[in-house]
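Engineer: Submitted below is the structure of interest, expressed as structure tokens.
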Amino acid sequence: MCWLADGTIVMGHENIIYTFKKNKDVDWIEVASLEQYGIQNITRLAVSPNGTKLAVVGELIAEEEAKPLTDQLSPQLKNISWIAGNWKGEAFGGQTEENWSEPSGGSMMAAFKLIKDRKVVFYEIEIIREVNNTLVLQLKHFNNDLKGWESKDETIDFPLKKITATKVIFEGMTFEKVSENEMNVYVDMKQKDGSIEVIKFNYKK
């Protein structure tokens, strides 16, 4: 952990660098992942006297395990625009629809619904937005009469972990491009016993 000239605190955990600005941030902000550089465990951070350079000391992944730099894409909406479209599939014993907009205004927006026995079971409103040089997916659930599951100001948030040419990986949700007209969405769902089950949604345009 170290401090920048403006008081910003910089911390390394595993292969992620986080920052925290006093009197501004309410939680640590992920600013960089060093996975693509073959670093798996940051052990020390140091800032140059003029505050323009950051030195990082960490453990290196074996060369055969390290991933090429080209695998990972920058956290920008243009790199996930393939998600846009009208997608349909089956899940939970019914039919699902998920309609994603093209990127605009720094975000993408989606409406989801589950239909079972010819009736809507529930809806979701989802957004992926650019914030603090990364992306975050946020959503809210609604009954079929639009009464919300979450409180007024509450959202379920999925911070971005990684983008590749065919995957957008958030914490708890992953989008996988199968082809131009097919994708899989994997969602971590907590069970009553506290375990996590990964649910796969297969969608086609």
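Bear in mind that the values in this text are calculations on the coordinates, not laboratory data. All figures in this text were calculated on a predicted structure; none of them were measured in a lab. No Cβ is skipped: glycine too gets one built from the backbone with ideal geometry, and neighbour counts run over all protein chains shown.
Engineer: Cross-link partners among aspartates and glutamates for Lys119, C-alpha distance below 20 Å, same-chain residues fewer than 8 apart left out?
Structural biologist: Within reach: Glu90, Glu97, Glu98, Asp145.
Engineer: Return the sequence-ordered ³J(HN,Hα) values of the stretch 27-32 in whole Hz as given by the Karplus equation 6.51 cos²θ - 1.76 cosθ + 1.60 applied to θ = phi - 60°, using x for Gly and Pro.
Structural biologist: So the Karplus estimates, Gly and Pro as x, are 8, 5, 10, 6, 10, 6 Hz.
Engineer: Continuing with this model, one more query. Given contacts defined as C-alpha pairs under 8 Å and at least six residues apart, what's the relative contact order of the chain, whole-number percent?
Structural biologist: Details: 430 pairs, mean separation 24.9, N = 205.
RCO, the chain: 12 percent.
Engineer: Still on this structure: Which links in Lys161/Lys204; Lys113/Lys190; Lys21/Lys200 stretch past 27 Å when you go from one Cα to the other? Provide the component values of the computation, followed by the final result.
Structural biologist: Numbers: Lys161/Lys204 25 Å; Lys113/Lys190 20 Å; Lys21/Lys200 38 Å.
With Cα atoms farther than 27 Å apart: Lys21/Lys200.
Engineer: Give me the distance between the Cα centres of the stretch 1-44 and the stretch 138-191, rounded to whole Å.
Structural biologist: The stretch 1-44 and the stretch 138-191 have Cα centres separated by 25 Å.
Engineer: How charged is the neighbourhood of Glu97? Take every other residue with its Cβ under 9 Å from the Cβ of Glu97, and add Lys/Arg as +1 and Asp/Glu as -1.
Structural biologist: +1
Engineer: Here is a follow-up. Along the charge dipole of the chain, Cβ charges K/R +1 and D/E -1, which of Gly12, Gln95, Ser33 sits furthest on the positive end?
Structural biologist: In the chain, that residue is Gln95.
Engineer: Report the Cα-based extents of the chain along its three principal axes, largest first, to the nearest Å.
Structural biologist: Here the Cα extents, ordered largest to smallest, are 65, 42, 40 Å.
Engineer: Amide H neighbours of Ala32 under 5 Å, at least 5 residues apart or on other chains, H built in the peptide plane: list them.
Structural biologist: Amide H neighbours of Ala32: Ile17.
Engineer: Further question: Residues with amide H under 5 Å of Leu73's amide H, sequence separation 5 or more or different chain, H placed in the peptide plane at 1.01 Å from N; which?
Structural biologist: Ile163, Thr164
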